[in-house]
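Please treat every number below as a calculation from the coordinates, not as lab data. Here the structure is a predicted model, which means the values were calculated and not measured. Backbone-built Cβ (ideal geometry, glycine too); neighbour counts: all protein chains shown.
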Amino acid sequence: QVQLVESGGGLVQAGGSLRLSCAASGRTFSSYVMGWFRQAPGKERDVVATISWSGGSTYYADSVKGRFTISRDNAKNTVYLQMNSLKPEDTAVYYCAAARSRQAMEAMSPDYWGQGTQVTVSS
């Protein structure tokens, strides 16, 4: 069992930055593919970024490429999402997820979800 707890959300002006953190319980964190998803009001949940167990492979949605950076620290059981040049359209609840395989993450069927953290970008 893995529990994921996100933090770092909040209100920021357009052009600003936030860093989200996701702390995971359990001793097998390093074996999981980790990802960040987001869901805006009235919209479906979409993938934002994913990172392999080693951190050597990452994926970004086109809408955040060049602005967001996903990283992980396996020693701290934590995955991060650095968000720069934020736009009002980035406003959403951001969810951390853990999957045993890349395929499960790509299918948006991870094994574990966090509770979500709200990010609001004002114009």
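Comparing mean-square fluctuations of 43, 87, 65 from a GNM of the chain with C-alpha springs under 10 Å, the top value falls on 43.
With only Lys, Arg, Asp and Glu charged, each at its Cβ (+1 for the first two, -1 for the last two), find how big the charge dipole of the range 1-68 is about the Cα centre; round to the nearest 20 debye. Kindly include the intermediate steps, with their values, before the conclusion.
Values: 7 positive and 4 negative charges, 18 e Å.
Dipole about the Cα centre, nearest 20: 80 debye.
Per-residue ellipticity at 222 nm computed for the chain from its helices equals -1000 deg cm²/dmol, with DSSP H segments shorter than 4 residues left out and the rest contributing -39,500 (n - 2.57). Expressed in Å, the radius of gyration and Dmax of the Cα atoms of the range 50-123 are 12.9, 38.
Using Cα pairs closer than 8 Å and at least 6 residues apart in sequence, work out the relative contact order for the chain, in percent. In percent, rounded to a whole number, it is 35. With the chain treated as a Gaussian network of Cα nodes joined by springs under 10 Å, which of 73, 90, 62 yields the largest mean-square fluctuation? Highest fluctuation of the listed residues: 62. In a reduced charge model with +1 at each Lys and Arg Cβ and -1 at each Asp and Glu Cβ, the chain shows a dipole moment near 220 debye about its Cα centre.
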